[in-house]
Amino acid sequence: MAYNRRSRFAATSFRIMRNNPDGTNPTASNMLGFSGTANLTGVLTSKVADLTVKIDNGTAVTKPVDFTAASSESAVTIAEAETALTTAAFTGLTFSSGTDKDGNACLKCVASTGTYIQITGELAAALGFGNGINFGGNGLEIFHFTDGDGLVSITMPKDTVDKQQIDVESSTGTVRRMNIGAKLLGVSPVISVYKDDYGVLEAIEGGVWDRTEDTYTPPLATETTHPSIMMEVYAPLVNKDNANLGDEDSYELTTLHNCQGMEGNEDFANKDWKTVTYNITASEYTDSTGVAHPAYDKKRISKTAYEALDIANV
């Protein structure tokens with residue numbers, strides 16, 4: 001069924017997730033970890049550390065992963081990590097040596113079931129999932145907001161190069177003109193929520209969220225690169241001129257594949273609620289096969305399909 005010419009009303013939810021170390025989106029068939037070797041000395045206790053896996057809205061499963069067979073905790077190889085993770089036997093996951101989009105050998109995970117796979121914990125980050133080696137964090141972790149979670153608004157201004165008119169004029173005043181059309185370079189979403197989440201800050205900015213002490217330390221000014229994230233925005237579509245909330249028959253999904261960002265200015269205003277803003281920049285994206293894509297894409301899905309995503313529990 002086509003859902004064309006519907007009216008969109010606000011946004012009901014969004015979610016973000018760190019990209020793979022090579023900048024590609026993590027999918028069930030393409031979850032990438034470290035290249036070369038990984039230093040696990042900070043996360044192993046007696047050569048063991050826990051890893052947590054969650055598939056879609058299923059129950060999170062935590063298992064110990066034993067690296068006793070690794071020659072060095074400070075330089076675990078891809079083959080040694082593959083052996084340890086395979087022995088841990090997470091249902092539906094296969095760990096192996098893979099290749100990133102630049103042709104580098106790396107640790108790879110493939111899921112035989114599910115769409116949204118989360119691989120989390122200190123070990124996950126140390127193994128490079130969610131680009132944890134470069135930017136810290138908690139591995140491949142999904143953060144979501146719905147209207148019930150404090151989502152206020154999402155604006156999505158476009159980044160463009162204005163049209164150009166190149167003229168040359170003859171001695172008698174005749175004008176020859178070349179018109180060059182405007183170009184879309186990307187979009188710069190601004191997300192506003194009223195519930196603060198240090199995990200979202202860590203995922204977007206980098207920095208460190210100490211989950212034990214519940215403190216967040218932003219990155220230093222010398223850290224000039226930012227984590228690459230992907231984002232999905234869901235908005236209801238209505239086919240009525242006089243509608244009530246809940247009358248939507250479909251949803252528009254806007255996916256931004258290659259984003260960077262940081263938290264906006266903070267306001268400690270008198271007698272006012274804090275609104276948290278995240279300033280995002282989304283640019284063109286190159287997938288795992290080397291094909292370039294625009295900064296965002298859109299598609300419409302049925303209300304039933306949206307509800308089946310169970311975003312609040314993924």
Discussion item. For the stretch 11-21, give me the residue count where each residue is touching a Ser or Thr at 6+ places or on another chain (Cβ under 8 Å) and either under 15 Å from Leu127 (Cβ atoms) or assigned to a strand (DSSP E or B) (or both).
Written reply: 3
Worksheet item: Taking interchain pairs and intrachain pairs at least six residues apart, which have beta carbon atoms under 9 angstrom, with the first residue in the stretch 286-300 and surrounded by fewer than 12 Cβ atoms within 10 Å (Cβ to Cβ) and the second in a strand (DSSP E or B) and charged (D, E, K, R)?
Response: Lys298/Glu252; Lys299/Glu252
Worksheet item: Phe145 passes all but one of (1) part of a strand (DSSP E or B); (2) surrounded by 16 or more Cβ atoms within 10 Å (Cβ to Cβ); (3) at pLDDT 95 or above; which number fails?
Response: (3)
Discussion item. Among the residues of the stretch 47-73, what is the count of those that are within 15 Å of Glu122 (Cα to Cα) and part of a loop (DSSP other than H, G, I, E, B)?
Written reply: 3
Discussion item. Residue under question is Met262, and the condition is that it be part of a strand (DSSP E or B), at pLDDT below 95, under 16 Å from Pro189 (Cα atoms) and of a type outside the set (Ser, Thr, Tyr); does it hold?
Written reply: yes
Fill in: Single match in Gly181, Gly207 (criterion: under 27 Å from His257 (Cα atoms) and surrounded by 16 or more Cβ atoms within 10 Å (Cβ to Cβ))
Gly207
Item to complete: State whether one or more residues within the stretch 219-230 are surrounded by 15 or more Cβ atoms within 10 Å (Cβ to Cβ) and in contact with a Leu (Cβ under 6 Å, 6 or more places away or on another chain).
Response: no
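For (1) buried (at least 20 other Cβ atoms within 10 Å of the Cβ); (2) not basic (Lys, Arg), each residue gets a yes or a no:
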{"site": "Ser7", "(1), (2)": "no, yes"}
{"site": "Asp22", "(1), (2)": "no, yes"}
{"site": "Ser46", "(1), (2)": "no, yes"}
{"site": "Ala60", "(1), (2)": "no, yes"}
{"site": "Pro64", "(1), (2)": "no, yes"}
{"site": "Phe67", "(1), (2)": "yes, yes"}
{"site": "Ala70", "(1), (2)": "yes, yes"}
{"site": "Thr87", "(1), (2)": "no, yes"}
{"site": "Lys101", "(1), (2)": "no, no"}
Worksheet item: Pick from the stretch 250-295 the residues that are over 13 Å from the mean Cα position of the chain (by Cα) and aromatic (Phe, Trp, Tyr): which of them is nearest to Pro218 (Cα to Cα)?
Response: Tyr278
Worksheet item: Listed residues Ala2, Ala79; which is assigned to a loop (DSSP other than H, G, I, E, B), over 24 Å from the mean Cα position of the chain (by Cα) and among the small types (Gly, Ala, Ser)?
Response: Ala2
Practice prompt. Pick out the one residue from Gly139, Gly186, Gly150 that is more than 22 Å from Gly264 (Cα to Cα) and of a type outside the set (D, E, K, R).
Written response: Gly139
Item to complete: Can you give me the number of residues within the stretch 148-182 that are within 19 Å of Tyr296 (Cα to Cα) and not in a strand (DSSP E or B)?
Response: 3
Worksheet item: When you look at Leu256, is it modelled with pLDDT under 95, in a strand (DSSP E or B) and within 23 Å of Ala282 (Cα to Cα), yes or no?
Response: no
Item to complete: Taking the residues in the stretch 116-137 that are crowded, with 23+ Cβ neighbours inside 10 Å and of a type in the set (S, T, N, Q) as candidates, determine which candidate is farthest from Gly92 (Cα to Cα).
Response: Asn131
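The values are calculated or read from the model by the stated rules, or taken from the named source; none is laboratory data. Since the model is a prediction, treat every value here as computed from it, not as a measurement. A quick note on method: Cβ atoms are made from the backbone with ideal geometry, for glycine too, and the neighbour counts reach across all protein chains shown.
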